[in-house]
Amino acid sequence: MKRYMHAILILFVLIAFTPATTFSQAKKDAPKNVKKGASCSICHKDIQAALPKNHKKVTGDNISACISCHKPDLTGKAEPKFYASNLHRVHIKEGALKECMMCHTFTANKFGISGYKGFLGKLSKEDLEKIKDIFVSWSGSKNTDAIHGKANILCSGCHEKNLPSTGDTVENDRCLICHGPLDALKKRSEPKDFPDRNPHNSHLGDIACTVCHKAHSISTVYCLGCHGNFKMKIPGGQ
Amino acid sequence: MYLETIKIKTNPEKLNDIKDVLGEASRQILEDSSLLKFEFYRNFTVSFDFMVNLYWIDLKDPQRGSDLAYQVIEGLKHIGIVNYAVWIREMDSESWKHRETDSAKILNKTYSMDEEVFMKTKESDETKTKITRRGFLKAGMGAGVLAATGIALDLTKKDAEAAQRKLPKKWDETIDVVIVGSGFAGLAAAAEAGKRGAKAVILEKMPTYGGNSIINGGVYAAWDSKLHLRKKLNLGDDSPQQHFEDTLKGGDYYNIPALVKNLTEGAADALNWMIEEGGCKLREALTRAGGHSAYRTHTVVEGVGRGFTEPLRKIAEKYGAQIRLNNELTWIWRKDTDGPILGVEVKTPKGKKNIKIKKALILASGGFSRDIKMRQAFNPSIVPEYNSTNHPGATGECIRYAQAVGADTLHLAFIQLYPFAEPETGILDNPAVYPFNGVGYGLIYVDKNGKRFVNELERRDVCSMAQIKLGQKPTYSIFNEEMVTKMGGSMDEIQKGMAKGRFIKGETIEELAEKLKIPKQNLVETVNKHNQYLKDGKDLEFNKPITKAMIPLEKGPFYAVAQWPAVHHTMGGLRINEKTQVIDIWGKVIPKFYAAGEVTGGVHGSNRLGSNAIPDCVVHGRIAGINAAQEKG
C-alpha cells in the first residue's frame, strides 16, 4: 500500500512538473533569431514530451506536422477554437516565442501558415506588429480580449474571416451571435434596483457595443461620462 | 545684429498681391533661426505703401543682404512692382548702407509706426506655445485681423499649427455637403440637403450620435402645430410675433432680430415636419415656461431630446445622409480671405483624412459648456466648480477652427446656467425637467428654510442667480399630483424618480417638509401664502403673473425635487446671417460656409428662453441644409 502511495505521488509530481520543465528547458534553449519556418526541435529537444500525454506520435518537426491533423479553421465562425488557442497561449505565456514567423508566413502582405496552401488574410506590416501586442493582451491582460481568450475565442471569433486593419470595429451583430439576442441581453443586464439604468437599453438608443467594450484596451462605462454617481462595472474595465 | 529694411511703393490694385508676397515671406520667421523679428508697416497716409523690417541676429554677407530680402524682391518683381528700396544697417550703428534702389522717391516718405499691421518676434512665438486657451483665443483673433488685411490666414498662430499648415496636396474624398455634428441642427441640415439631391455626410466626433440634443429635455416652443394643443386645451392666445417679442425680451434685446424671426416663424412648420415625415409624437400637454408669456412649450412623448433626434435621423437617412461616428474635425481648409471653404481635415479611426467640399461646410457642432477653460476665458464667473448638464463632447474647438479661417463670433460671454439640474452631478435627468415645466401650473421653488426666493416664471438666468445668492445648496420645487400630467409629466416618471430618491413624496405639506428637513411651519406658511396669491390673482412677494391654469397646492399627495444650477447653454458663437451663412470679421459672407444651432451666436441674446433651443436648431439647420444644397458644386 505504501509503495502504491509512492507511485501515486510520483505520478502527481510528474504531472505537475513535466510540462513546466519542458517549457523552461525550451525557454532556455530559445534561439535569439528564429528563422522562417524553423523547426520546433530548436527549442523542444523532445517534441513528444511537449505534447499532451496521450497525443499520438508526431512525425515531422514543424507546424506542418500539426496541421496535417489540426486543420486550420478558416470558416470564421464565432466559436471557441481549443487547439489554436492552446498553441498560441502556451507559447506566448512562456515567452519562448515572440517570432510569429516560426509557424506563420507573411509574403506580399498575405498572412498564412507555413506548409499550408491557403491564406489567413491580408495584413499590413504595421498591423502584423500590432497583432503581437494583441496576442500578449489576449493571453494574459485584464482586457476583454483576454476574457475571450480564456474561453478559447481567437481573433476570428470576433473578426470573422478577414483580418481587421487599424480602425476597424466589430459590429454589434457579431457580438450578438454569442451574447444575444439583444432582448435577452437587455434583460440580463437590467439592474434590479433601477431598471432604467440599463446600459444595454439606455436613453441613447442603439449604440455600438464598442462604445464601452474595448477588446484590446481597458473598457469604460460610457454612461459615467455624465452619470458620475452611478455604480456600474464592466468586464475588462479598471 | 542687422536691420534690413525694404520700402515698397505700390498702388491700390496691387494691394492684395503684395500682402500675399509679404505674408509668404513672413513664414520664414519659423524656419530661419537667425531671423529675430519680422515687422511690417503700412504708410499712415498712403495706405498702399509698405515698409518691412527684418531683424537679423547674424547675416552671412551684410553687403549682399539676406536671401529673404531677395525672395521678397523677386516676389515683388513677379507681381509687377518696381518701386522699392532695400536698406541695411548694423543695429548699433546709425549709418545706413544703401544697397539697392530702383526708386529714390520713396525714401522721402515718412513712415508712421502707429499703423502697425504685423509684427512678429521669436520671443512672442515661444511664449505663445505655453499660453493658456484664453491667450490662444486672443492669438486666434490676431490671425483674424491678418486674414482681413489679406496677408495670410494664419500667421501668428504657431501654437494652432496654422503657420506651418499648407493646403493638402491631394484630397482623400470629395463630398457635396459636410456637416459637423449630429444633433438637431446637423440632422435637420442633412435631411434638407439630402432631399435636394446633395450627398450629405455628418461627421460626429463622439462614438454615439446626437450630442447634447439626444439628452436634451425634449421641450419645444412653437406658437402652434398641426395638433393645435393650445386651442384644444383652452390655454389662451399666442402668435409668432408674441414668441418673437418674448425671445427678444428674454435675451435683453441682444438678439439679432432676423435670426429670432427665423426661429419664431419657422418653429411650427419645423415641428409639423418632424411629426409628418419623422413620426415624432407629442404629449397632450402644453406648458408655460419661464420667460414665455404664453402656453407654447410642447413636450415630446419620450420626455427627452431623443424623441426629436430619432425622427430627424430617420428623415436624414431617408434622403441618403450618412452619419460617421468617431470622426473629429481637426481643421478647416480655406486658401484666402475672399475665397470659399475648400475642405476639412478629419481625424477618423483609420487615420487623418482630407475631404474636399463641393458645395458647403455646415458647422452644427454645438456649444462649449464642457470646455471649462474656454467658458471661463469668456466669462470668469463660470468657475470650474460648476457642474454641467452637457455631454462630454460639448467643447469649443470648432469655434476656434472657424475663427482661424476668419469667422466672426459674438456673445461668447453669455453662458446659461440651467437652474434646476440634479444638484450632485449637474445632469438634466427626467425629474430635472419638472421644475421647468411645472411653473405655469403653480409649481413653486423654496429654499432650505422653506421660503420662496424668486418669481418662478422668471427667466433661467434670474432663477439661477437667485439660488446662488441664497448661498445654500440645494433648493426644491414643490408640486402636487394634479399638476403632473398637465405639465407634460407622467405618474410612471414620478414612480421611477422616487425609486432613485429624486422625487420626494408627502401626503401632506408637513410630511414633505419633514422628509426634506425643511422647517415644517415655514413650508406650510409659504404654501398657504402662495395659495392665497393664486386666489387673489396677485403675488405680493415676487409679483409672479398669476394665470387661471395655476393650481393651488391644497390637495396631496405633494412632491418635491432638489435642484441647483449647472452650466447648460452657450448663447454665443459664430456670427451668421439670416441664411445661416457664416460672416467674417469684416462683415462679409465666407463662401460655402454655414452654421446652425448652439455653435452660432445671436439667436438668443444674453439669455436663452427654455424650449427655444430645439426650434432654433431645427429651423436654422433646415435653412442651412437648403442653402448648402443650392451652392454650386
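The values are calculated or read from the model by the stated rules, or taken from the named source; none is laboratory data. If you're wondering where the values come from, they're calculated on a predicted model, not measured in any experiment. Every residue, glycine among them, receives a Cβ derived from its backbone with ideal geometry; neighbour counts consider all protein chains shown. Just so you know, the surface numbers come from the protein's heavy atoms only, side chains and all, with ligands and any DNA or RNA stripped out. Shrake-Rupley method; radii C 1.70, N 1.55, O 1.52, S 1.80 Å.
Mind listing the phi-derived Karplus ³J(HN,Hα) values for the range A:86-92, rounded to whole Hz, using 6.51, -1.76 and 1.60 with θ = phi - 60°, and x for any glycine or proline?
Those phi angles translate into 4, 4, 5, 4, 5, 6, 6 Hz.
Would you mind putting B:428-439, B:472-483, B:51-62 in packing order, based on average other-beta-carbon counts within 10 Å, highest first?
Peptide ranking by packing, descending: B:428-439, B:472-483, B:51-62.
With a cut-off of 8 Å between alpha carbons and a minimum separation of six or more residues, what is the relative contact order of the range B:1-71 in percent?
The normalised contact order for the range B:1-71 reaches 44 percent.
I need the helices of chain B that pass two filters: whole DSSP H segments spanning 27 Å or more by Cα along the axis, and mean Kyte-Doolittle score no lower than -0.5.
The answer, listed by residue number, is B:257-278.
Report the label-to-label distance for B:Asp269 and A:Glu190 in nanometres (one decimal), using points 7 Å from each Cα along the Cα→Cβ vector.
4.5
I'd like the FRET efficiency for A:Asp206 and A:Lys233, computed as 1/(1 + (r/R0)^6) with the beta carbon distance as r and R0 of 22 Å, rounded to 0.05.
After rounding, the FRET efficiency stands at 0.50.
Listed highest first by mean packing, meaning other Cβ atoms within 10 Å per residue, what order do B:204-217, A:123-136, B:348-361 come in?
B:204-217, B:348-361, A:123-136
Please list, in order along the range B:53-59, the HN-Hα scalar couplings obtained from phi with the Karplus expression 6.51 cos²θ - 1.76 cosθ + 1.60 (θ = phi - 60°), rounded to whole Hz, x for Gly and Pro.
Result, ordered by residue: 10, 10, 9, 10, 5, 8, 10 Hz.
Take A:Lys45 and B:Glu507, extend 7 Å from each Cα along the Cα→Cβ direction, and tell me the distance between the two endpoints in nm.
Those two pseudo-labels are separated by 8.8 nm.
What list of ³J(HN,Hα) values in whole Hz, one per residue of the range A:70-80 in order, does the Karplus curve 6.51 cos²θ - 1.76 cosθ + 1.60 (θ = phi - 60°) give from phi, with Gly and Pro shown as x?
Each residue of the range A:70-80 in turn: 7, 5, x, 9, 9, 6, x, 6, 7, 8, x Hz.
Can you grab the distance from the C-alpha centre of the range A:171-188 to the C-alpha centre of the range B:12-82, Å, no decimals?
66
What whole-number value in Å² describes the accessible area per residue of chain B for a 1.4 Å probe?
39
Enumerate the residues in the range B:435-470 having an amide nitrogen under 19 Å from the point lying 7 Å beyond the Cα of B:Val383 toward its Cβ.
Answer for this model: B:464-470.
Interface size between chain A and chain B, please: total buried accessible area, 1.4 Å probe, rounded to the nearest 100 Å².
Its buried surface, counting both partners, is about 1500 Å².
Within 10 Å of each Cβ of A:225-238, how many other protein chain Cβ atoms are there on average?
The per-residue average across the peptide is 2.
Are any of the pairs B:Lys314/B:Lys500; B:Lys199/B:Lys353; A:Lys77/A:Lys150; B:Lys249/B:Lys579 more than 25 Å apart by Cα-Cα distance, and if so, which?
Pairs exceeding 25 Å: B:Lys314/B:Lys500.
Give me the distance in nm between label points sitting 7 Å out from Cα along the Cα-to-Cβ direction at B:Asp67 and B:Gln532, one decimal.
Taking the two extended label points, one gets 8.9 nm.
Please identify every one of the trypsin sites (Lys or Arg not before Pro) in the range B:539-585 that sits in a loop by DSSP and has no more than 12 other beta carbons within 10 Å of its own beta carbon.
In loop regions of the range B:539-585 (DSSP not H, G, I, E or B), the sparsely surrounded trypsin sites (Lys or Arg not before Pro) are B:Lys548, B:Lys555.
List the residues, sorted by chain then number, that are 5 or more residues from B:Arg334 or on another chain and whose placed amide H is less than 5 Å from its amide H.
When sequence neighbours closer than 5 places are left aside, the close amide H contacts are B:Leu342.
Could you work out the relative contact order of the range A:81-163? I mean the mean sequence separation of Cα pairs under 8 Å and 6+ apart, divided by the number of residues, in percent.
Taking the mean separation of contacting Cα pairs over the length of the range A:81-163, I get 29 percent.
Where in the range B:336-363 does accessible area fall by at least 20 Å² between the isolated chain and the complete protein assembly, at a 1.4 Å probe radius?
So the qualifying set is B:Pro349, B:Lys350.
Taking only DSSP H segments of four or more residues, each worth -39500 (n - 2.57), what value at 222 nm results for chain B once the sum is divided by all its residues, to the nearest 500 deg cm²/dmol?
Result for chain B: -9500 deg cm²/dmol, rounded to the nearest 500.
Charges at C-beta only: +1 for Lys and Arg, -1 for Asp and Glu. How large is the resulting dipole of the protein assembly as shown about its Cα centre, in Debye rounded to 20?
Roughly 3220 debye for the protein assembly as shown.
Considering every residue in A:199-208, what mean count of other chain Cβ atoms within 10 Å of its Cβ is obtained?
If you average over the peptide's residues, the count of other-chain Cβ atoms is 4.
Pop out the carbon and sulfur fraction of the accessible area of the range B:170-317 as a percent, whole number, probe 1.4 Å.
49
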